[in-house]
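What follows is a single structure, written as structure tokens, with notes after it.
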Amino acid sequence: MLAGLSFQVATLLVFMACSTDFALNVVRRYRRLGADAFDQSEAARNLRNSFGFKGMLAALSIATICIFWRSVYRVAELSNGWDGPLMMRQDLFIGFEGVMIIVACLVLNVFHPSICFKEMMDGAGGLGSAKQRSAEKGGSITSEAEATA
């Protein structure tokens, strides 16, 4: 268990480092190119400027930190075996296990991608949707049943 949790901590740390590097590169690109740095479709522009999208990014960050903190606690807890001093502390278990998972689940449910990306989802005219492909071709949308009839 300790090896598995340690591996989880290591991979989460790599994920957080890669995510931070990506975010910094996005900011640098935006400072260098301005608005031309991003996809300029109306749907993408509206999504980037929405409270839901910014909230989802914050929620993903908070959830990742909570899961990371919980995993680090579990490694420390199990490092002295099943009879270690941290294993006997219910208050720490509740704080670093239960609360961290509740916070992660809560923020990810409040800022769920299906809510935050609803304009970009398939069928809503977003990127990759049948509605958008049809509009690009200059046609009209028909249901799948009408198309096969």
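Taking PHE96, is it in contact with a helix residue (DSSP H, G or I) (Cβ under 7 Å, 6 or more places away or on another chain) and either modelled with pLDDT of 85 or more or within 30 Å of GLY4 (Cβ to Cβ) (or both)? So PHE96 fits the description; yes.
Just so you know, in segment 64-82 the residues that are assigned to a helix (DSSP H, G or I), of a type outside the set (Lys, Arg) and under 15 Å from PHE7 (Cβ atoms) include one that is nearest to the chain's Cα centre (by Cα), and it is ILE67. Considering only residues of segment 1-41 that are of a type in the set (D, E, K, R) and surrounded by 10 or more Cβ atoms within 10 Å (Cβ to Cβ), which is nearest to VAL72 (Cα to Cα)? Across segment 1-41, the extreme among qualifying residues is ASP21. Here ALA58 qualifies as surrounded by fewer than 13 Cβ atoms within 10 Å (Cβ to Cβ), under 22 Å from MET120 (Cα atoms) and under 13 Å from the mean Cα position of the chain (by Cα).
Quick one: is ALA63 hydrophobic (A, V, I, L, M, F, W, C), under 26 Å from MET121 (Cα atoms) and either surrounded by fewer than 16 Cβ atoms within 10 Å (Cβ to Cβ) or out of contact with any helix residue (DSSP H, G or I) (no Cβ under 9 Å at 6 or more places or on another chain) (or both)?
Values: hydrophobic (A, V, I, L, M, F, W, C): yes; under 26 Å from MET121 (Cα atoms): yes; either surrounded by fewer than 16 Cβ atoms within 10 Å (Cβ to Cβ) or out of contact with any helix residue (DSSP H, G or I) (no Cβ under 9 Å at 6 or more places or on another chain) (or both): no.
Answer is no for this residue.
For SER61, the conditions (1) over 25 Å from SER6 (Cα atoms); (2) at pLDDT 85 or above; (3) not basic (Lys, Arg) all hold with the exception of (1). Checking GLY55, GLY34 one by one, the residue that is on the phi > 0 side of the Ramachandran plot, assigned to a helix (DSSP H, G or I) and of a type outside the set (A, V, I, L, M) is GLY34 and no other. Taking every residue in segment 41-54 that is over 11 Å from LYS118 (Cβ atoms) and pairing it with any residue that is at pLDDT below 80 and among the aliphatic types (A, V, I, L, M), at least 6 positions away or on another chain, the pairs with Cβ-Cβ distances below 8 Å are SER41/LEU127; ALA44/MET120; ALA44/LEU127. Among the conditions (1) modelled with pLDDT of 90 or more; (2) within 30 Å of SER6 (Cβ to Cβ), the only one that LYS54 does not satisfy is (2).
The values are calculated or read from the model by the stated rules, or taken from the named source; none is laboratory data. Keep in mind that this is a model prediction, so the values were computed, not measured. A quick note on method: Cβ atoms are made from the backbone with ideal geometry, for glycine too, and the neighbour counts reach across all protein chains shown.
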